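Engineer: I'd like to ask some things about the structure below.
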Amino acid sequence: MTKQTQTAVKKPTEVEENAGVAIEITGMNKWFGDFHVLRDIDLKVMKGERIVIAGPSGSGKSTLIRCINRLEEHQQGHIIVDGTELTSDIKKIDEVRREVGMVFQHFNLFPHLSILENCTLAPIWVRGVPKAEAEETAMHYLERVKIPEQALKYPGQLSGGQQQRVAIARSLCMNPQIMLFDEPTSALDPEMIKEVLDVMVSLAEDGMTMLVVTHEMGFARQVANQVVFMDQGQIVEQNNPEDFFNNPQHARTQEFLSQILH
Amino acid sequence: MAKNNLAYVRTEIVPESPAPDLSKGIIGWVKNNLFSSISNSIMTIVGAMFLMWVLPPIYGFLFGNAVWPGEGVTVEDCRAKGAGACWAYIDDRMTFFIYGFFPKDAYWVTQEGLIASIMTYWRVNLVFAVGTLLLVPLMWPDLKYKLLNSILFFVVYPVFVFFMLTGGVFGLEEVPTVKWGGLTVTLIIGLVGIVVSLPLGIVLALGRQSKMPIIKTFCIMFIEVWRAVPLITVLFMASVMLPLFMPVGMTIDKLLRALVGVSLFSAAYMAEVVRGGLQALPKGQSEAAASLGLNYWKSMGFIILPQALKHVIPGIVNSFIALFKDTSLVAIVGIFDLLRATQVANLNLDWASSNQAITGYVFAAAIFWAFCFGMSRYSIMMEHRLDTGHKN
């Protein structure tokens, strides 16, 4: 079965115009204590690719993308993000984090800062952008996620969907090369899921490199170049969305899809 | 529309209406809070009777029968039968309560009038005035120039206070700290303790959560040692034992030793309060900060500490209040704070009367209460101000 996974990795995807490698993970292993949470992960993401990572809960999807900006530390193997290898070197880690945006399940906006301040804090203090320019950029992205009128409010005054859109805008303000989404719609009311997905679709249309952990299979079909299916800490199957959904190979994938696509 | 059809479509919005009258106004409040049940009604009546029993005598002592300062009021009035609090005595000794044995200005002490009485202790009064002028705008949230204000208050002002009170330069008479006393000393110890213990406590709390073993161990040891020792023991050790370890002929000022002792002692408590706030923050906050590229110090300074400290304002102010009251313990090692000044003044034979000591202690208690109550109200105001409506 591992052989099959290997071939799946090399399966050609849509060729991007000026493709380069955005993320390369080779032979990566991670343990939480004695628990082997990620096993032998190999994953290559080209610039402009949209990867959806699916799988049952506890399969290590979130842990995998959290390793990419080193919110989690891996113990074996290599992770190279935009040409920089992640090691315990804090300078390198901060360098990678500046270029990699992340959107969390629970938004994690800063409740003591206004929406605008949430968006300008990192550009001002990490990138050294002048305040006026940072605010201009922030308003641009807030308009893009369609909530410029909320700029002076605080996160606690916004709905879940609005908060998640602010979280996306906050990440975009750092002008990242890669965006990670960790179950961005899982904590939202059903009525608000679409507004967040719409923003993500428009990001994908603009050619952003995206890794998305999600249970929204409709989104995966619509925007993903590749779907990665994980189970028990391993990549079990990887394919383009059409073949992944219509013709799953691995027994576990078939079972999973039959459970969620009624 | 068929009446018994289950399908239902609302055609109009129910308008908002005011709450029923019984739950509003004075009558509603009294009914809800004082007479909501039989047992509550009984407690209300018993409580009211208790107050009627204790309040009149207290009022009589403090105000009704009290001897107020004025023309021709002497100690004989306080000695009269049925006399209440001897406020005339407090008025007469007021400068002692505030300044202790701080030397009077040689010129102004010979003059008459209000200005002269202020100028008699102009060095201390100037310290008070400048401190107030710097502290009020610092605590006033809407005013600008906070950075300049902070530098002036936390850096320049202590130096100013030191030279102003100690003297020995610019032609000022030198005043050793043993002559400082009264409210002045209480405020100095309280303020220094507060200003030093909060930042030090924050550093210790961060250190205790550090991943670096040496820093972590040091912080834990520091906190646990200071917390496990009573403040009185700390003060005794500072004043009695420390000199034994010093080289012959070398002394450290007694007040300075007490200041260090009180500050470090409260810093250990403050560290635990701050740690509580740090632990209450969800991990997502520091992860979000990290994912934006903020390093440890920026993440702490902009994201974690502002929220953590806001959460523990009640605990911080609790420590401040405890610290301010604990300053009275320095009396034990012979530092002349407000309480010690009161004790000494109470022994004064010029005003010897049965109520002299009680009046003195009531006065000292009232001063402590005023400062602590002020801190408490200020902290409540800040809590409301900083509340952005999001309990994360």
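Engineer: Tell me which residues, restricted to segment A:160-170, are out of contact with any Cys (no Cβ under 9 Å at 6 or more places or on another chain), open to solvent by less than 10 Å² (accessible area, probe 1.4 Å) and over 16 Å from A:E205 (Cα atoms).
Structural biologist: A:G161, A:Q164, A:A167
Engineer: Let me ask you something else. Where the second residue is open to solvent by 60 Å² or more (accessible area, probe 1.4 Å) and assigned to a helix (DSSP H, G or I) and the first is over 21 Å from B:S197 (Cβ atoms) and lies in segment B:151-169, which pairs have Cβ atoms under 7 Å and are six or more apart or on separate chains?
Structural biologist: If the second residue must be open to solvent by 60 Å² or more (accessible area, probe 1.4 Å) and assigned to a helix (DSSP H, G or I), the pairs left are B:M164/B:L126; B:V169/B:F163.
Engineer: Could I ask something else about it? I want to confirm something. Restricting to segment A:210-262 and keeping residues that are of a type in the set (V, I, T) and more than 28 Å from A:W31 (Cβ to Cβ), which single residue is modelled with the lowest pLDDT?
Structural biologist: My answer is A:I260.
Engineer: I need a count of the residues in segment B:281-308 that are in a helix (DSSP H, G or I) and either facing chain A (nearest Cβ under 7 Å) or farther than 17 Å from A:R98 by Cα (or both).
Structural biologist: Final tally of qualifying residues: 17.
Engineer: Please specify each residue of segment A:114-144 satisfying the condition of being hydrophobic (A, V, I, L, M, F, W, C), open to solvent by 10 Å² or more (accessible area, probe 1.4 Å) and either facing chain B (nearest Cβ under 8 Å) or part of a helix (DSSP H, G or I) (or both).
Structural biologist: Within segment A:114-144, A:L116, A:L121, A:I124, A:W125, A:V126, A:A132, A:M139 meet the criteria.
Engineer: Determine whether A:H78 is more than 22 Å from A:A220 (Cβ to Cβ) and more than 13 Å from chain B (Cβ to nearest Cβ).
Structural biologist: yes
Engineer: Between a first residue in segment B:97-123 that is in contact (Cβ under 8 Å) with a residue 24 or more places away in the chain and over 14 Å from B:W180 (Cα atoms) and a second residue that is hydrophobic (A, V, I, L, M, F, W, C) and part of a helix (DSSP H, G or I), which pairs have beta carbons less than 7 Å apart while being 6 or more apart in sequence or on different chains?
Structural biologist: B:T120/B:W108; B:T120/B:V109
Engineer: Scanning segment A:100-113 for residues that are at the interface with another protein chain (Cβ under 7 Å from one of its Cβ atoms) and over 19 Å from A:R66 (Cβ atoms), which turns out most open to solvent (accessible area, probe 1.4 Å)?
Structural biologist: A:H112
Engineer: For segment A:86-99, check the following and say yes or no: at least one residue is away from every other protein chain (no Cβ under 11 Å) and either open to solvent by less than 30 Å² (accessible area, probe 1.4 Å) or touching a strand residue (DSSP E or B) at 6+ places or on another chain (Cβ under 6 Å) (or both).
Structural biologist: Yes: one or more hits.
Engineer: Might you let me know whether segment A:152-163 holds any residue that is over 19 Å from A:L116 (Cα atoms) and aromatic (F, W, Y)?
Structural biologist: Within segment A:152-163 (the criterion being over 19 Å from A:L116 (Cα atoms) and aromatic (F, W, Y)), the answer is no, since none of the residues qualifies.
Engineer: I'd like to check something: does segment B:33-41 contain any residue that is exposed (fewer than 12 other Cβ atoms within 10 Å of the Cβ) and hydrophobic (A, V, I, L, M, F, W, C)?
Structural biologist: Yes, some residue in segment B:33-41 is exposed (fewer than 12 other Cβ atoms within 10 Å of the Cβ) and hydrophobic (A, V, I, L, M, F, W, C).
Engineer: Let me ask you something else. For B:L264, state whether it is more than 12 Å from every other protein chain (Cβ to nearest Cβ), crowded, with 21+ Cβ neighbours inside 10 Å, in contact (Cβ under 8 Å) with a residue 40 or more places away in the chain and assigned to a helix (DSSP H, G or I).
Structural biologist: Here the answer is no, as B:L264 does not meet what is asked.
Engineer: Regarding segment B:364-375, can at least one residue be identified that is in contact with a Ser or Thr (Cβ under 9 Å, 6 or more places away or on another chain), assigned to a loop (DSSP other than H, G, I, E, B) and surrounded by fewer than 20 Cβ atoms within 10 Å (Cβ to Cβ)?
Structural biologist: no
Engineer: Among what's in segment A:26-46 and is touching an Asp or Glu at 6+ places or on another chain (Cβ under 8 Å) and farther than 17 Å from A:N239 by Cα, pick the residue that is most open to solvent (accessible area, probe 1.4 Å).
Structural biologist: The residue in question is A:T26.
The values are calculated or read from the model by the stated rules, or taken from the named source; none is laboratory data. Note that the structure is a prediction, hence the values are computed from the model and not measured. Positions of Cβ are generated from backbone atoms using ideal geometry, with glycine treated the same way; all protein chains shown enter the neighbour counts. In case anyone asks, the SASA skips ligands and DNA or RNA and just uses the protein heavy atoms, side chains included. Shrake-Rupley method; radii C 1.70, N 1.55, O 1.52, S 1.80 Å.
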